[in-house]
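Structure record follows, encoded as structure tokens.
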Amino acid sequence: MAFPEHVDYIVIGAGIHGLSSAWRLAERLVEAGEEVEGRIVVLDKSGIASGATGIACGVVRNNYFQPAMRNLMAHSVSVWESDPDAFSYHPVGYMQISCETMHSDVAQIFEEQRAIGYESVFIEGEEASTSYMRGLFNDWQAQGITSVLHEKRGGFANNTSSMYGLAKKAEDLGVRIISGVEVKGFTAESGSRAVRAVETDKGTIGCKHVIVGAGPWVRDFWNMLDLPKQISVKGRDGEVHDNVDMWRYWQLEEGVLDVDPGILLTNDGKLPPVIHVDTDAPLISDVDGSVITEDMWGIYYKPDWHFRGIQGGAAPYKVPTPVDDVAIDPYGPSSPEFVSGPEFAHMWVSALAHCHKRFEGMMPKYHKEPSGGIGCFTPDSFPVLDHFHDNVSIIADSNHGYKMLGVGRLIADEVMGEKQELLNPFRFDRYETGELHPVSNSPFPWS
Ligand SMILES: Cc1cc2nc3c(=O)[nH]c(=O)nc-3n(C[C@H](O)[C@H](O)[C@H](O)COP(=O)(O)OP(=O)(O)OC[C@H]3O[C@@H](n4cnc5c(N)ncnc54)[C@H](O)[C@@H]3O)c2cc1C
């Protein structure tokens with residue numbers, strides 16, 4: 001098929017956001033009785049799921065301290081639930097297991113989940129929490145846990161399989177996905193900043209609208225569009241902070257324990273919910289008995305047949321390199337610089353053993369293949385979902401995004417002219433107005 005010269009909609013990136021945007025754009029055209037063929041292309045310099053989406057742990061949850069995030073996630077969870085088979089989605093639920101410093105935050109999340117009808121159970125008190133956990137896993141042994149939020153919805157999906165399911169939905173409606181095409185820049189309309197054409201290494205494509213779903217590469221598109229590298233941010237306290245970098249990178253620490261995933265079935269032989277533990281209990285090395293940390297720490301994990309073991313991660317760390325110098329390529333496990341190291345493995349496996357007796361002595365089973373990858377974060381670590389230069393929409397999810405299957409759909413609805421209330425709290429101008437999201441006591445930048 002010839003390389004296109006002009007289409008109506010160019011979507012950049014064949015990850016979760018690009019693909020879900022293209023799927024919804026196509027649905028809208030079909031609903032309006034219009035032709036899709038030849039009107040929507042997705043361009044990716046590598047291929048489907050070759051960015052962050054393809055290495056994500058795949059956890060889908062609602063547990064957020066910020067009401068706007070919770071509403072957005074509830075919407076996305078319904079999209080996952082709409083076709084679990086196509087999306088390789090496992091609706092096993094999700095648990096936020098916390099120490100006392102997070103108790104009131106999580107209690108608030110539970111109340112607000114009730115208010116929006118998102119089903120969850122909240123257990124309070126140390127004894128009740130331990131007993132609830134032992135009802136699921138008889139070897140549960142984490143100390144100092146005083147609350148358990150058990151979300152009955154959510155769970156996880158298999159990162160690449162789900163994207164092939166999503167790509168099929170888009171292609172079945174007439175979307176063309178072109179791999180191996182690198183976007184190099186944009187041509188503006190004369191006398192305006194609107195984009196008239198997208199320049200690629202294979203040729204220039206004219207267009208009416210562009211959607212950028214470039215994950216960690218959003219920094220490069222932001223620069224190509226001449227958007228500000230540094231901005232002023234008005235804090236929730238009204239104080240204005242000038243010259244704040246628009247982007248920063250964090251390294252996501254994840255890995256796999258190379259054991260039969262069935263080792264983590266529940267007492268009654270079922271797939272367990274995804275487990276997330278945040279605690280300030282001292283973390284003792286399962287290797288040599290030394291103290292790894294006495295500060296707050298957190299891990300998440302799940303049995304995963306796709307990753308062939310117990311897969312999960314811990315809190316990320318900030319990449320100290322100046323933002324424009326961060327080497328995004330080669331990405332993920334292929335990066336010579338940004339992969340999870342032995343310190344992560346030591347911490348994460350010791351933390352698993354802290355929680356379950358069954359993981360004691362398992363350090364030698366840690367899978368030593370490279371894993372993890374970097375994510376690009378906004379100044380407040382929450383997504384920017386907005387439209388720029390008249391006809392460019394950017395989905396910059398601040399690394400929250402595998403679970404956000406519904407966001408591309410909402411953006412596509414906006415491109416089609418219907419403003420979406422769920423997206424309003426994620427506009428770029430919040431940094432100027434100071435309408436920032438509340439901050440929780442979680443050790444993770446994304447809770
Ligand atoms: C290790 C790790 C684990 C994670 N786990 C979870 C999780 O469990 N749950 C969760 O909700 N989120 C998770 N995330 C975050 C989530 O993966 C990302 O937020 C999300 O996948 C971003 O999707 P995207 O579509 O924006 O970008 P990506 O999936 O990164 O896709 C961007 C695409 O753009 C393409 N591209 C880049 N530059 C160009 C160019 N110049 N021209 C053409 N194409 C280009 C790339 O090839 C890539 O395919 C995790 C992230 C990491 C790194």
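The values are calculated or read from the model by the stated rules, or taken from the named source; none is laboratory data. Keep in mind that what you see is a predicted model, and the values were worked out from it rather than measured. Positions of Cβ are backbone-derived with ideal geometry, glycine not excepted, and every protein chain shown enters the neighbour counts.
Data table
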| read-out | value |
| --- | --- |
| First in segment 123-139 and over 15 Å from H354 (Cβ atoms), second anywhere and hydroxyl-bearing (S, T, Y) and in a helix (DSSP H, G or I), Cβ under 8 Å, 6 or more apart | I123/S129; I123/Y132 |
| Where a residue in segment 178-198 is within 23 Å of E37 (Cα to Cα) and its partner, wherever it lies, is at pLDDT below 95, with Cβ under 8 Å and at least six apart | V195/E189; R196/E189 |
| Top-ranked residue of segment 361-379 - restricted to ones that are assigned to a loop (DSSP other than H, G, I, E, B) and at pLDDT 95 or above, ranked as farthest from V212 (Cα to Cα) | G361 |
| Qualifying position, being surrounded by 22 or more Cβ atoms within 10 Å (Cβ to Cβ) and of a type in the set (A, V, I, L, M, F, W, C), among A351, A327 | A351 |
| Test for S162: is it in the same structural domain as D304 (by TED's automatic domain parsing), polar (S, T, N, Q) and either farther than 28 Å from C355 by Cβ or crowded, with 22+ Cβ neighbours inside 10 Å (or both) | no |
| The one condition in (1) in a strand (DSSP E or B); (2) within 10 Å of the ligand (Cβ to nearest atom); (3) crowded, with 16+ Cβ neighbours inside 10 Å that V181 fails to fulfil | (1) |
| Conditions (1) surrounded by fewer than 21 Cβ atoms within 10 Å (Cβ to Cβ); (2) under 30 Å from Y301 (Cα atoms); (3) among the acidic types (D, E): number failed by D242 | (2) |
| Test set (1) in contact (Cβ under 8 Å) with a residue 12 or more places away in the chain; (2) farther than 30 Å from V148 by Cβ; (3) surrounded by fewer than 22 Cβ atoms within 10 Å (Cβ to Cβ) - K357 fails condition number | (2) |
| Flag if I145 is away from the ligand (no atom under 16 Å from the Cβ), surrounded by 22 or more Cβ atoms within 10 Å (Cβ to Cβ) and over 20 Å from the mean Cα position of the chain (by Cα) | yes |
| Given (1) under 24 Å from G58 (Cβ atoms); (2) modelled with pLDDT under 95, number of the condition P336 does not satisfy | (1) |
| Index of the failed condition, S120 passing every other in (1) in contact with a Lys or Arg (Cβ under 8 Å, 6 or more places away or on another chain); (2) within 23 Å of E254 (Cβ to Cβ); (3) among the small types (G, A, S) | (2) |
| Unmet criterion (only one of (1) assigned to a strand (DSSP E or B); (2) touching a Phe, Trp or Tyr at 6+ places or on another chain (Cβ under 8 Å)) for R219 | (1) |
| Residue match in segment 227-234 (condition: in a loop (DSSP other than H, G, I, E, B) and farther than 26 Å from R409 by Cα) | yes |
| Tabulated pairs, segment 154-169, first in a helix (DSSP H, G or I), second surrounded by fewer than 19 Cβ atoms within 10 Å (Cβ to Cβ), C-beta under 6 angstrom, 6+ apart or interchain | G165/A86 |
| In segment 197-238, residue farthest from the ligand (Cβ to nearest atom) [restricted to those that are of a type in the set (D, E, K, R) and modelled with pLDDT under 95] | D237 |
| Residue that is surrounded by the fewest Cβ atoms within 10 Å (Cβ to Cβ), among those in segment 192-216 that are among the hydrophobic types (A, V, I, L, M, F, W, C) and in a loop (DSSP other than H, G, I, E, B) | A194 |
| Some residue of segment 363-371 being more than 26 Å from D260 (Cβ to Cβ) and either under 19 Å from the mean Cα position of the chain (by Cα) or surrounded by 24 or more Cβ atoms within 10 Å (Cβ to Cβ) (or both) | no |
